[in-house]
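Written out below as structure tokens is the structure these notes cover.
Taken together, the values in this text are just the output of simple stated rules run on the coordinates, not laboratory data. If you're wondering where the values come from, they're calculated on a predicted model, not measured in any experiment. Here the Cβ is made from the backbone with ideal geometry for all residues, glycine too, and neighbour counts use every protein chain on show.
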Amino acid sequence: MISFLVSVVKDFAELVSDKYKAMMMKLSLQITGNREDAEEAVQDALL
């Protein structure tokens with residue numbers, strides 16, 4: 001049962017990441033003005 005729930009959560013997280021990562025990156029670049037900082041911010045947000 002636990003492994004099923006972990007699988008569902010991982011699948012959901014991957015779906016969210018795939019769907020929103022580009023938009024989040026664009027916004028983050030606008031805010032930070034730096035690609036490395038933007039990538040780190042998006043990674044942190046997705047975690």
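A few comments on the model shown:
- Full extension of the chain between Leu15 and Gln30 gives 3.0 nm of extra length, using 0.36 nm per residue less the Cα-Cα distance.
- Folded to 0 to 90 degrees: helix 35-46 orientation relative to the chain principal axis, Cα: 30 degrees
- Dipole magnitude of region 2-46, debye to nearest 20 (Cβ charges: Lys/Arg +1, Asp/Glu -1, about Cα centre): 180 debye
- Listed candidates [x] 1.03; [y] 1.15; [z] 1.12 - label of the one calculated as Rg/Rh (Cα atoms, Kirkwood Rh): [y]
- When the Cα positions of Met23, Gly33, Gln43 are compared along the charge dipole of the chain, Met23 comes out farthest toward the positive end, with charges on each C-beta of Lys, Arg, Asp and Glu.
- Taking label positions 7 Å along the Cα-Cβ direction at both Gln43 and Ser7, the computed distance is 2.9 nm, reported to one decimal.
- Phi angles of region 22-29 translate, via the Karplus equation with coefficients 6.51, -1.76, 1.60 and θ = phi - 60°, into HN-Hα couplings of 5, 5, 5, 5, 4, 5, 5, 5 Hz per residue; Gly and Pro are given as x.
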